[in-house]
Amino acid sequence: MKLIKSRSLIALSTTALALPGIAHADAPPVQNTLSYKISNYKEDDLSRREVVFGDLGRYDIDVHQFQLVAPFTRNTSLHIDANVEIMSGASPWFTTAGLDGQPLVNLSGASGIRDRRAEISIGGKYYLENGSVGGNIGYSEEDDYRAVYIGLSGERHFNSDMTTVAVGFSHSSDKLFPTDAELFNRVIEADKRTTSALVSVSQIINQVSTFQTALSITEQSGFLSDPYKLRDVRPQHKTQFSWTSSYRRFFIGADAAWHINYRLYHDDFGISSHTVDMAWHQNISRSWQLVPTLRYYSQSAADFFTNVDDSLNPLTHYQSSDYRLSAFGAISGGISLITDLGDWTATLTAERYIANEKYSVYQVSQPSTALVRYFRISLGVDYSF
Amino acid sequence: MRILRLFSWFVISLSMVAACTQVQPWERGYLAKKEMGWDADVLEGALNDHIYFSKEASSGGNNAAGGGCGCN
Amino acid sequence: MGSYCEIQLYDESRINAKQLTRRLVAEVIRLEQKYSRFRNDSFVAEINSSAGNKLGIKIDRETRSLFNHALSCFEQSDGLFDITAGALNRIWDFKQARVPTQEEIDELLPFVGYHKLSFTKSRLSLPAGMEIDFGGIVKEYAADTAAKLGRSLGITHGLVNLGGDFAVIGPQPDAQPWTIGIVNPKQADSLMAKIDLLDGGLASSGDYERCFMHQGKRYSHILNPKTGWPGSGLRAASVAANLCTVAGSMATIAMLREETDGVSWLRESSLSHVYMTSDEQIGGIGLHQ
């Protein structure tokens, strides 16, 4: 950069750079964008070796996602999200020890589970000279679960828009009312509240790379146990911390963008985790893009995790055999093919996810059964008008 | 202790932010590309967050958590 | 905008490039419709028809920041670059080559002067008889806006030319700078210099088109708002800067100053520039050899 000597030039540049068409000021999107994505993922069947009775098949889930982002007034935009999820299959019910002492999982009733989740969220964003503020409200409903939530967010650019600080806050108030509660002596109705706060800082490093670091704290209270498990007793409070850092870099020669994210997580159930995920967005031509992704995840077990339910413990004794509270690792890889036809964009994605206690970086004292593997396929379409 | 370490990672990473050269607005063409966004595909990101959340114990990331569901 | 405009964008897909160009053109047209002095339905016409209204007129953020930049131009030029000089256009008719009388001019001078405008948070009060003309700013601003929009749509090589006001997006696809020819004010079919642009903008000011000769004297359309008479400055000035808007303001101010002041104004800026003096001498720095 040439040294600017003239004071007049600085004065003129300052007012010119503040003009809205030139300034990097946030602006509502220019067009309406309607997006739809359909996904199916199917968990691999368990083997009879692991299951005492019930179906071997696990969840098979279809997810439909809709989103509309529209400019509303000169300074505002409107966001509408709707999701429908249709699940069928079985989920682990209780675990017992087999004759050889190996844990066995018992899947819920022979009839299996069939559930539907519908969610809608409406939000708005107001764009300011140096940032934006936004809010949303949402509602989600299942046969046995209902959640109402609100979210608030704000961001501000500093330092000639080189730095962006964002904050977010959300609160969800949930109610669960398990099916067949009386028949199986389950809890009839229970509440759960989740409050979450987040702060993130994004920085432009140079012409081709950016960095972001974020901290989030989530506080949960109420009924945090699994109402369908015969013996699942967890604390009534849970505090979660996560630190995420992300890096994006564009490779001009390769015409590709590299994404890498790392997350460190701790909660007071005693679970810690590391997550690393990467994506390589390779432009093939102006209208085609191929995106391979790779993700590694590993968590430690909750303090009260047990791989064999112990019905002799008093009900005040914390215990859970939920595989999600065990120590394990998971590797997943996927690939997306994206075609951009101007107003239309289509994305086809396939992903394979395999969880296994052998992949864990944390010590596994009690391996869980029923760790998931699944295969997902998605097709998404965006239309701008 | 673990929590303190997590916080200090956040603070250390913040200090990295300070050591950057000025990139003029007209030099940000590559950064403006869609594939350079924090969330290049919003629905894909939301779907992944949701699925991983239902299979793993961890949550929290770049976005404040959305609504609860009976999946975890 | 009443002058030759072109947009060149480089994209691997012809369809895409066409679509992107359409969006940039739409943005330029939006600004033209909003700020043209020559349209009855423009916002500027609305502002001008509010002259004398005690309540003033509500102005939006974009217009407000254009006024802020105009104030900056007014201050940096010691009152020579004045967007309220529009009232003088009523007596200076460059098509009919008529020289007004001093009495006519004296009658209009009270209606000129940026400092006579008064602003509240979102309103402007334009005193009766006064007129606003964003002519010296908006074309350049539109070029920058189109280039900015292009960049945000992912374009890395492109050029926007709105009647001689240029804003470029990065270098040419072969990494070469854009070489912009500056027309000789004396001879429209020849160039007086070339300036290389890698990024940013270039703008020119001069009595290329709108001037006339009367009794052996050259009357330029660039009027001194303090006297109401054409200045006796440079014949033409072109400046390259980080933004076309900045380049345009620098070039216009250079033209409004007395010739020697204009030349030193350009020199001190350390920007690439070229000028022609009234005795047809060409000078400048940072020129393409």
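Observations on the structure shown:
- Some residue of the range C:249-261 being more than 11 Å from chain A (Cβ to nearest Cβ), within 30 Å of A:Gly21 (Cβ to Cβ) and touching a Lys or Arg at 6+ places or on another chain (Cβ under 7 Å): no
- Identity of the residue in the range C:144-171, modelled with pLDDT under 90 and of a type in the set (S, T, N, Q), that ends up nearest to A:Ser384 (Cα to Cα): C:Ser152
- Within the option set A:Ala181, A:Ala166, being more than 7 Å from chain B (Cβ to nearest Cβ), crowded, with 20+ Cβ neighbours inside 10 Å and at pLDDT below 95 holds for one residue only, A:Ala166.
- Qualifying residue in the range C:201-209 (condition: acidic (Asp, Glu), within 14 Å of chain A (Cβ to nearest Cβ) and either outside any helix (DSSP H, G or I) or at negative phi (or both)): no
- Residue selected from the range C:51-85 under the condition polar (S, T, N, Q) and within 14 Å of C:Ser122 (Cβ to Cβ), by the criterion surrounded by the most Cβ atoms within 10 Å (Cβ to Cβ): C:Ser65
- Yes/no for C:Leu66 being outside the structural domain of C:Met250 (by TED's automatic domain parsing) and touching a Leu at 6+ places or on another chain (Cβ under 7 Å): yes
- Residues of the range A:184-221 that are of a type in the set (Gly, Ala, Ser) and within 9 Å of chain B (Cβ to nearest Cβ): A:Ser196, A:Ala197, A:Ser200, A:Ser202, A:Ser209, A:Ala214, A:Ser216.
- C:Ile182 falls short on exactly one of the conditions (1) surrounded by fewer than 22 Cβ atoms within 10 Å (Cβ to Cβ); (2) farther than 17 Å from C:Asp82 by Cβ, and that condition is (1).
Condition check ((1) under 30 Å from A:Ile137 (Cα atoms); (2) facing chain A (nearest Cβ under 7 Å); (3) modelled with pLDDT under 75) across all residues:
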{"residue": "B:Arg2", "(1), (2), (3)": "no, yes, no"}
{"residue": "B:Pro25", "(1), (2), (3)": "no, yes, yes"}
{"residue": "B:Leu31", "(1), (2), (3)": "no, yes, no"}
{"residue": "B:Gly60", "(1), (2), (3)": "yes, yes, yes"}
{"residue": "B:Ala64", "(1), (2), (3)": "yes, yes, yes"}
{"residue": "B:Cys71", "(1), (2), (3)": "yes, no, yes"}
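- Considering the conditions (1) crowded, with 23+ Cβ neighbours inside 10 Å; (2) touching a Pro at 6+ places or on another chain (Cβ under 8 Å); (3) closer than 17 Å to C:Val239 by Cβ, C:Lys148 is excluded by exactly one of them, (3).
- Pair list, Cβ under 6 Å, 6 or more apart: the range A:357-377 residue within 15 Å of A:Ala302 (Cα to Cα), other residue surrounded by 15 or more Cβ atoms within 10 Å (Cβ to Cβ) and among the hydrophobic types (A, V, I, L, M, F, W, C): A:Glu357/A:Phe328; A:Glu357/A:Val364; A:Ser360/A:Ala327; A:Ser360/A:Phe328; A:Tyr362/A:Ala327; A:Val364/A:Ala327
- All of A:Leu230, A:Leu224, A:Leu264 fail the test of being among the hydrophobic types (A, V, I, L, M, F, W, C), more than 7 Å from chain B (Cβ to nearest Cβ) and farther than 24 Å from A:Ser140 by Cβ, apart from A:Leu230.
- Among the residues making up the range C:234-289, those that are hydrophobic (A, V, I, L, M, F, W, C) and either at positive phi or part of a loop (DSSP other than H, G, I, E, B) (or both) are C:Leu234, C:Leu243, C:Leu271.
- Top-ranked residue in the range A:233-261 [being at the interface with chain B (Cβ under 9 Å from one of its Cβ atoms) and among the aliphatic types (A, V, I, L, M); ranked as farthest from A:Ser196 (Cα to Cα)]: A:Ile252
- Looking across the range C:246-271 at every residue that is among the hydroxyl-bearing types (Ser, Thr, Tyr) and in contact with a Leu (Cβ under 7 Å, 6 or more places away or on another chain), the one that is surrounded by the most Cβ atoms within 10 Å (Cβ to Cβ) is identified as C:Ser249.
- Total residues in the range A:347-363, condition more than 8 Å from chain B (Cβ to nearest Cβ), over 17 Å from the mean Cα position of the chain (by Cα) and buried (at least 17 other Cβ atoms within 10 Å of the Cβ): 3
- None of A:Leu294, A:Leu341 is among the aliphatic types (A, V, I, L, M), modelled with pLDDT of 90 or more and surrounded by fewer than 21 Cβ atoms within 10 Å (Cβ to Cβ) except A:Leu294.
- Of the strands (runs of 3 or more DSSP E) that lie entirely inside the range C:92-181, those containing 1 or more residues that are under 19 Å from the mean Cα position of the chain (by Cα) and more than 15 Å from C:Tyr10 (Cβ to Cβ) span C:158-162, C:165-169.
- Test result for A:Tyr323, within 22 Å of B:Gly45 (Cα to Cα) and either within 9 Å of chain B (Cβ to nearest Cβ) or modelled with pLDDT under 90 (or both): no
- Of all the residues in the range C:177-204, those that are within 23 Å of C:Thr145 (Cα to Cα) and out of contact with any Cys (no Cβ under 8 Å at 6 or more places or on another chain) number 12.
- Residues located in the range C:218-253, provided they are closer than 19 Å to C:Gln281 by Cβ and not charged (D, E, K, R): C:Ser220, C:Ile222, C:Gly231, C:Ser232, C:Gly233, C:Leu234, C:Ala236, C:Ala237, C:Ser238, C:Val239, C:Ala251
- Taking the range A:276-287 as the range and being at the interface with another protein chain (Cβ under 7 Å from one of its Cβ atoms) and surrounded by 21 or more Cβ atoms within 10 Å (Cβ to Cβ) as the test, only A:His281 passes.
- The set of residues from the range A:78-96 being crowded, with 17+ Cβ neighbours inside 10 Å, farther than 28 Å from A:Ser311 by Cα and at pLDDT below 90 comprises just one member, A:Met87.
The values are calculated or read from the model by the stated rules, or taken from the named source; none is laboratory data. Keep in mind it's a predicted model, so treat the numbers as computed, not measured. Virtual Cβ from ideal backbone geometry, glycine too; neighbours counted across all protein chains shown.
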